[in-house]
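K.L.:
The structure's right below; bear with me while I get my questions together.
The values are calculated or read from the model by the stated rules, or taken from the named source; none is laboratory data. On a predicted model such as this, the values are computed, not experimentally measured, just so you know. Using ideal geometry, Cβ is built from the backbone for each residue, glycine included, and neighbour counts are taken over all protein chains shown. Only protein heavy atoms, including side chains, enter the accessible area calculation; ligands, DNA and RNA are left aside. Shrake-Rupley method; radii C 1.70, N 1.55, O 1.52, S 1.80 Å.
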Amino acid sequence: MHSLKPPLAMKRPRPPTPPPLSPASTKHTTPPPPPVKSLHPNTPPISSKKPKSHPKWVPLNLSQTELSLPLTFPTGQTFRWKQTGPLQYTGTIGPHLLSLKHLQNGDVSYFIHFTPSESAAKLALLDFLNVGISLAKLWEVFSENDSRFAELAKCLKGARVLRQDPVECLVQFLCSSNNNIGRITKMVDFISSLGTHLGSVGGFDFHEFPSLERLSAVSEEELRQAGFGYRAKYITGTVDVLQSKPDGGAQWLLSLRKLDLQEAIDALCTLPGVGPKVAACIALFSLDQHHAIPVDTHVWQIATKYLLPELAGARLTPKLCSRVAEAFVSKYGEYAGWAQTLLFIADLPSQKALLPSHFWDIKEKKSAKIEDSNSCNIDGNYS
């Protein structure tokens, strides 16, 4: 795969003038063929001695029922993927820079802009997209238990839960504390820029997410000057704690995938700036804890309208957060976090406008005014 960086122009010494050719040798000499030029504007010239295939879009064998890019990437799971075209999103997974887009029939294809290994890039992409889990089968089960979910699923197909790198997911949600989308994205972009630059697509620069070792070299003051505010101490403090783990912080986080949900939540809450709700986000989006339920003001409103109406008007407390999570798991089972993700997306203002009005026949209870419909509460989830 070709690097996006243009080749460096290098001056070569002028070769000595060859002796004149005899008429016989001139007769049979033909000029060497010129080097083959790359048809891709962001790749270096292809050597005529080692021809390579040009980058192309490759079918991912995922229908829109299994993956909707607009319902997966810009809905709060990750802040590192950018929209780089109509129904096209670009991001990095480890050292791989890739784009995904919907074809005319709704299926998804991918394009590798940069990678050390094409086979490794595809495997990383499939893992990131959680393709081992059939969304259609999950939603069939959810729909049997919830007629409203069944109706929503017809309109909002393909809202998939990602399987992110735990370090990357953790740092992003530390940035989200009491924040809005614009500022979260700027903070995450700043952190990302500390990693290796992999290329530019659609006017955006993309970097491999920095290692914990690289992040440990960044001071709290540097982050504060970059606009992180009090979150700076949480990020540097968390990096320090992770760096002190015997087997390394990245490996410690990966090990949480093998624990029970509550054990994973408790372990995450030992990190500076991580409370139960941020921990639930990290557990759901990166640690294979599929029944984790991040409960914030938004999810609380959904629960009191459709699952626990008897609690409408009550003040959300840690005890009630646990009760809401239990209600979701009781209704939707071991993949309750996936069901909650769709219900959360359906309640976003951008999606409400696209749904038939009969979905909102239930009169909404009056609640405290939320400053920004796209903002996060103090524990990092969207409200």
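K.L.:
List every residue pair whose Cβ atoms lie under 9 Å apart, where the two residues are 6 or more positions apart in sequence or sit on different chains, the first residue falls within region 74-88 and is modelled with pLDDT under 95, and the second residue, located anywhere, is open to solvent by less than 30 Å² (accessible area, probe 1.4 Å) and among the small types (Gly, Ala, Ser).
P.N.:
Thr75/Ala159; Gly76/Ser176
K.L.:
Right, next: Is it the case that Arg257 is touching an Asp or Glu at 6+ places or on another chain (Cβ under 6 Å) and not hydroxyl-bearing (Ser, Thr, Tyr)? Walk me through how you get there before you give the answer.
P.N.:
On the way: touching an Asp or Glu at 6+ places or on another chain (Cβ under 6 Å): yes; not hydroxyl-bearing (Ser, Thr, Tyr): yes.
Yes; evaluated as a whole, the condition is true for this residue.
K.L.:
With Leu271, Leu254, Leu284, Leu307 as the choices, which residue is in contact with a His (Cβ under 8 Å, 6 or more places away or on another chain) and not aromatic (Phe, Trp, Tyr)? Don't jump to the end; show me each part of the working.
P.N.:
On the way: Leu271 fails: in contact with a His (Cβ under 8 Å, 6 or more places away or on another chain); Leu254 fails: in contact with a His (Cβ under 8 Å, 6 or more places away or on another chain); Leu307 fails: in contact with a His (Cβ under 8 Å, 6 or more places away or on another chain).
Going through Leu271, Leu254, Leu284, Leu307 in turn, the sole match is Leu284.
K.L.:
A further question follows. Being under 20 Å from Val188 (Cβ atoms) and among the β-branched types (Val, Ile, Thr) is the filter here; which residues of region 67-125 pass it?
P.N.:
Answer for region 67-125, where residues must be under 20 Å from Val188 (Cβ atoms) and among the β-branched types (Val, Ile, Thr): Thr72, Thr75, Thr78, Thr84, Thr90, Thr92, Ile93.
K.L.:
Is it fair to say His291 is closer than 22 Å to Arg148 by Cβ and assigned to a loop (DSSP other than H, G, I, E, B)?
P.N.:
Working: closer than 22 Å to Arg148 by Cβ: yes; assigned to a loop (DSSP other than H, G, I, E, B): yes.
Yes.
K.L.:
Something else now. Run down Leu311, Leu316 and say which single residue is surrounded by fewer than 18 Cβ atoms within 10 Å (Cβ to Cβ) and either touching a Pro at 6+ places or on another chain (Cβ under 7 Å) or under 24 Å from Arg148 (Cβ atoms) (or both). Outline the logic, then answer.
P.N.:
Numbers: Leu316 fails: surrounded by fewer than 18 Cβ atoms within 10 Å (Cβ to Cβ).
The match here is Leu311.
K.L.:
Is there any pair linking a residue in region 264-277 that is at negative phi to one that is in a helix (DSSP H, G or I) and open to solvent by 40 Å² or more (accessible area, probe 1.4 Å), with Cβ under 6 Å and at least six apart or on different chains, and which?
P.N.:
Close Cβ pairs (under 6 Å, with a partner that is in a helix (DSSP H, G or I) and open to solvent by 40 Å² or more (accessible area, probe 1.4 Å)) amount to Leu271/Val241; Pro272/Tyr234.
K.L.:
Next up: If Gly337 satisfies all but one of (1) outside any helix (DSSP H, G or I); (2) of a type outside the set (A, V, I, L, M, F, W, C); (3) crowded, with 23+ Cβ neighbours inside 10 Å, what's the number of the condition it fails?
P.N.:
Every condition holds for Gly337 apart from (1).
K.L.:
Could you count how many residues in region 93-147 are among the hydroxyl-bearing types (Ser, Thr, Tyr) and surrounded by fewer than 18 Cβ atoms within 10 Å (Cβ to Cβ)?
P.N.:
Here is the first cut: in region 93-147, the residues among the hydroxyl-bearing types (Ser, Thr, Tyr) are 99, 109-110, 115, 117, 119, 134, 143, 147.
Filter again for surrounded by fewer than 18 Cβ atoms within 10 Å (Cβ to Cβ), leaving 109, 117, 119, 134, 143, 147.
The total comes to 6.
K.L.:
Under the condition of being open to solvent by 80 Å² or more (accessible area, probe 1.4 Å) and outside any loop (DSSP other than H, G, I, E, B), which residue from region 243-263 is nearest to Pro210 (Cα to Cα)? Before you say what the answer is, go through the steps one by one.
P.N.:
Going through region 243-263, the residues open to solvent by 80 Å² or more (accessible area, probe 1.4 Å) turn out to be 243-244, 246-247, 251, 258, 260, 262-263.
Those still in the list that are outside any loop (DSSP other than H, G, I, E, B) too: 243, 251, 258, 262-263.
Numbers: Gln243: 14, Gln251: 15, Lys258: 25, Gln262: 29, Glu263: 27 Å.
Ranking the candidates gives Gln243 first.
K.L.:
Report the residue count in region 278-334 for those that are at positive phi and within 29 Å of the chain's Cα centre (by Cα).
P.N.:
Step one: of region 278-334, the residues at positive phi are 288, 313, 333.
Now drop any that are not within 29 Å of the chain's Cα centre (by Cα), which leaves 288, 333.
Selection size over region 278-334: 2.
K.L.:
For region 305-319, give me each residue that is over 16 Å from Lys277 (Cβ atoms) and free of Cβ contacts under 8 Å to residues at least 12 places away in the same chain.
P.N.:
Pro309, Glu310, Ala314 - these are the residues of region 305-319 that are over 16 Å from Lys277 (Cβ atoms) and free of Cβ contacts under 8 Å to residues at least 12 places away in the same chain.
K.L.:
Then there is this: Considering only region 81-163, give the helices (runs of 4 or more DSSP H) lying wholly within it that have at least 3 residues that are under 18 Å from the mean Cα position of the chain (by Cα) and at negative phi. Steps first, answer last, please.
P.N.:
Details: elements: 118-128, 135-145, 147-155.
Hits in region 81-163: 118-128.
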